[in-house]
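Report on the following structure.
The values are calculated or read from the model by the stated rules, or taken from the named source; none is laboratory data. These figures come from a predicted structure and were not determined experimentally. In this analysis, Cβ positions are derived from the backbone assuming ideal geometry, glycine residues included, and neighbour counts consider all displayed protein chains. Surface accessibility is based on the protein's heavy atoms, side chains included, excluding ligands, DNA and RNA. Shrake-Rupley method; radii C 1.70, N 1.55, O 1.52, S 1.80 Å.
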Amino acid sequence: MSADAPHIPVMLAEVIAALRPAPGDLVADGTFGAGGYCRAILDTGANVIAFDRDPDAIAAGMVLAGDSGGRLRLVEAPFSTIADHVAPASLDGLVLDVGVSSMQLDQARRGFSFRQDGPLDMRMAQSGPSAADIVNGLGVKDLIRIIGILGEERNAPKIAHAIVRARDDGPFSTTAQLAALIERVQPRKAKDTIHPATRTFQGLRIFVNDELRELARALFAAEICLKPGGRLVVVSFHSLEDRIVKRFIADRASQASGSRHLPAATPRPLTFKVAGKAMMAASAAEIEANPRARSAKLRAATRTEAKARAADMAILGLPDLPWPAIGEQGERPA
């Protein structure tokens, strides 16, 4: 998608059908982005509180907020903090569009993509350690885990060792530098459908923005903030993200204990019920019109009247990563 192309919200019709917003409802849009879902929700007469940790997205959304007649409130914060901004059991719906936005990918200065050269940044909130800090500051073992687990790159050891050797001649500062190194390490083959750097960039982006733990926190916050009958709708684009959502809904929609340490016969009240199909994928027609939708998966659940359970990250199968702060913990630079 070019920088001038219109933003196309992924699975918009399916999202609205699952959310079922109505006049007077309060719906949270956890990832405002370019406002695609938000506009459609506002068009139903519902009120929206929209979150985004990217200050550029919030600034761009001010026009829509001004035109909404007070029905749209924008919050510059990650969606994991929803419970800090809305009252318990106050939401009729919550939608999360997980991952990087097309606007972020399209802006070379944000450093999310190697298709245009830019600073090696990748920070959605434009603060905190950047991808350059990760690449230049972590040791080879941590880089292998980030690239291999979060990027699902089978050549992670080869790439990580090459990064550590190359940075001895000077730090990485641009996306083109890193992409060129990766392409030298594993040259592109004729049969390859993606650039050799794609998975490495994905792993770094997920790590820089703590995306998997942010998603996990948001799901537990949804359990607190949705009222009985409230709808949770999540659109994910990565297998690790979808697995977290799947496990959360499966656990909350089951009376069986999710822990081997508790008696299997101990029933627990259901806090969610699966809404519609367990998982929906984008249609072939949508994928043809919007290639970004090709890996999209939608899962939805409806909140019951049961009291929210304790948040337990262990049930979600998060990768075993140290998530180190640069220069504070974890492996020292090699």
Probe 1.4 Å, protein heavy atoms only - accessible area per residue of the stretch 111-259 in square angstrom: 40
Take the chain, compute every pairwise Cα distance, and split them into 20 Å bins from 0; I just need the percent in each bin. 30, 56, 14, 0
Using the scaling law 2.2 N^0.38 Å as the reference, what is the normalised Cα Rg of the stretch 170-215? 1.35
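Quantify how much of the Cα-Cα distance distribution of the stretch 201-244 extends past 12 Å, in percent. Can you show the working numbers first?
Details: 625 of 946 pairs.
Looking at the stretch 201-244, the distances longer than 12 Å represent 66 percent of pairs.
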Of 46, 15, 58, which is farthest towards the positive pole of the stretch 1-88's charge dipole, taken about the Cα centre with +1 and -1 on the beta-carbons of Lys, Arg and Asp, Glu respectively? 46
Give a residue-ordered list of calculated ³J(HN,Hα) values for the stretch 54-70 (Karplus: 6.51 cos²θ - 1.76 cosθ + 1.60, θ = phi - 60°; whole Hz; x for Gly, Pro). 8, x, 5, 5, 5, 4, 5, x, 4, 5, 4, 4, x, 7, 7, x, x
Please list the non-local residues whose amide H lies under 5 Å from the amide H of residue 73, H modeled 1.01 Å from N, same-chain partners needing a gap of 5 or more. 48, 49, 50
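Quickly rank 146-154, 176-184 as a protection proxy: mean count of other C-beta atoms within 10 Å, highest first. Walk me through the numbers before you get to the answer.
Values: 146-154: 20.9, 176-184: 18.4.
Going by the mean number of other Cβ atoms within 10 Å, highest first, we get 146-154, 176-184.
Let's see if you can work this out: charge +1 on each Lys and Arg Cβ, -1 on each Asp and Glu Cβ, no other charges. What is the dipole magnitude of the chain about its Cα centre, in debye to the nearest 20?
Details: 41 positive and 38 negative charges, 222 e Å.
With only Lys, Arg, Asp and Glu charged at Cβ, the dipole is about 1060 debye.
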For a protection proxy built on the mean count of beta-carbon atoms within 10 angstrom, sort 280-289, 211-220 highest first, please. 211-220, 280-289
Placing one equal point scatterer on each C-alpha of the stretch 120-260 and summing with Debye, one gets log10 I(q)/I(0) at q = 0.10, 0.11, 0.20 Å⁻¹ equal to -0.44, -0.51, -1.16
For the ranges 155-162, 60-67, what's the packing order if you count other beta-carbon atoms within 10 Å of each residue, average per peptide, and put the highest first? 155-162, 60-67
Estimated FRET transfer efficiency (residue 165, residue 321; beta-carbon r; R0 25 Å; 0.05): 0.60
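What is the ratio of the Cα radius of gyration of the stretch 266-309 to 2.2 N^0.38 Å, where N is its residue count, to two decimals? Don't jump to the answer; show the numbers that get you there.
Values: Rg = 15.6 Å, N = 44, 2.2 N^0.38 = 9.3 Å.
It is 1.68.
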Using helices alone, what [θ] at 222 nm do you get for the chain, with -39,500 (n - 2.57) per DSSP H run of 4 or more residues, divided over all residues and rounded to the nearest 500? -10000 deg cm²/dmol
Helix 239-252 versus the longest principal axis of the chain: what angle, 0 to 90°, nearest 10, using Cα atoms? 30
Given the options 59, 301, 46, state which has the largest fluctuation in a GNM of the chain using a 10 Å cut-off (strictly under) for Cα springs. 59
Just the number, please: carbon plus sulfur as a percent of the accessible area of the stretch 1-75, 1.4 Å probe, no ligands or DNA/RNA counted. 56
Would you mind checking 141/307; 191/297; 277/307; 189/297; 189/277 for any pair whose Cα atoms are more than 31 angstrom apart? 141/307; 189/277
So how far apart, in nm, are the two label points at residue 243 and residue 180 if each is 7 Å from Cα heading toward Cβ? 3.5
Rg to Rh ratio, the stretch 131-207, alpha-carbon atoms and Kirkwood radius? 0.93
